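See below for the structure under consideration.
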Amino acid sequence: MRHWILLDEAPIPGTDNALALYQGKDDFFIRLKGGQELMNSRKHGSEDALGALSCERLKHPDSARVLIGGLGMGFTLAAALAAVGPGAEVTVAELIAEVVEWNRGPLGERSGRPLDDPRTRVYIGDVAKLLRRSRQHFDVIALDVDNGPEGLTRDSNDWLYSLAGIAVAQQALRPGGILAYWSAGPDRDFSDALRCCGLEVEEVTVRAHGNKGARHTLWMAQS
């Protein structure tokens with residue numbers, strides 16, 4: 001029988017819910033308080049892929065400007081940093097300040113402490129607000145917010161996956177930039193929405209843990 005230790009809880013802004021961070025013998029996980037597991041430090045294959053696959057498409061990785069929406073356990077940020085050069089800048093937007101502190105503390109070793117990388121910039125707040133005030137600034141925008149188009153934690157996250165949200169993200173990209181999304185599963189309506197916005201879309205299925213675990217969906221989109 002596994003024994004988990006509750007390390008901390010963090011309220012989710014704009015909701016009555018909270019995130020809870022637990023530690024076991026060999027891993028950590030984050031779940032909704034009293035509810036569904038959202039992240040596990042052993043099962044991060046699709047988070048790695050989101051950062052790597054989006055940045056591997058860059059024409060000029062040495063000077064890229066990358067935005068990661070959602071810090072999570074730091075694996076997407078770490079993969080993006082590994083794929084870009086010394087002159088790049090990677091901004092990670094995280095709504096919940098405690099999640100940033102968790103990554104500076106006990107979670108940091110699991111992902112290689114990407115917050116300590118001098119190329120990392122941290123924005124604590126809603127990534128939607130950052131997108132709205134950015135114009136042709138980023139070469140890659142990779143969003144891992146909530147559970148994908150079908151959200152679990154915060155109703156206002158749904159805007160990011162609407163036609164209006166996609167359009168604002170497009171405006172925040174430099175010409176030829178890459179727009180990437182993570183989801184817990186496929187969503188045909190969202191694929192259609194990306195194409196309706198004039199984007200060429202590649203849909204990729206990635207396992208959570210090597211060749212095992214849940215199948216997650218990534219969209220890689222470019223104009």
Output for the stretch 123-140, where each listed residue is closer than 18 Å to residue 74 by Cβ and crowded, with 16+ Cβ neighbours inside 10 Å: 123, 127, 140
Hits in the stretch 9-28 (condition: within 20 Å of residue 104 (Cβ to Cβ), among the charged types (D, E, K, R) and not in a strand (DSSP E or B)): 27
Residue that is closer than 26 Å to residue 63 by Cβ and either under 16 Å from the mean Cα position of the chain (by Cα) or not in a helix (DSSP H, G or I) (or both), where the choices are 159, 219: 219
Which numbered condition residue 93 fails, given (1) under 22 Å from residue 160 (Cα atoms); (2) under 17 Å from the mean Cα position of the chain (by Cα); (3) open to solvent by 70 Å² or more (accessible area, probe 1.4 Å): (3)
Test: residue in the stretch 169-190 that is among the basic types (Lys, Arg) and touching a residue at least 40 places away in the same chain (Cβ under 8 Å): yes
Residue in the stretch 68-85 that is farther than 20 Å from residue 44 by Cα, open to solvent by 40 Å² or more (accessible area, probe 1.4 Å) and either in contact (Cβ under 8 Å) with a residue 40 or more places away in the chain or touching a helix residue (DSSP H, G or I) at 6+ places or on another chain (Cβ under 6 Å) (or both) present: no
Filter result for residue 62 (surrounded by fewer than 14 Cβ atoms within 10 Å (Cβ to Cβ) and over 25 Å from residue 132 (Cα atoms)): yes
Qualifying residues in the stretch 73-119 (those that are of a type in the set (Ser, Thr, Tyr) and in contact with a strand residue (DSSP E or B) (Cβ under 6 Å, 6 or more places away or on another chain)) - the one nearest to residue 140 (Cα to Cα): 91
Yes/no for residue 6 being open to solvent by 50 Å² or more (accessible area, probe 1.4 Å), in a strand (DSSP E or B) and either over 20 Å from residue 214 (Cβ atoms) or at pLDDT 95 or above (or both): yes
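The values are calculated or read from the model by the stated rules, or taken from the named source; none is laboratory data. Being a predicted model, the structure only gives us computed values, none of them experimental. Glycine gets a Cβ as well: all are built from the backbone with ideal geometry, and neighbour counts include every protein chain shown. In case anyone asks, the SASA skips ligands and DNA or RNA and just uses the protein heavy atoms, side chains included. Shrake-Rupley method; radii C 1.70, N 1.55, O 1.52, S 1.80 Å.
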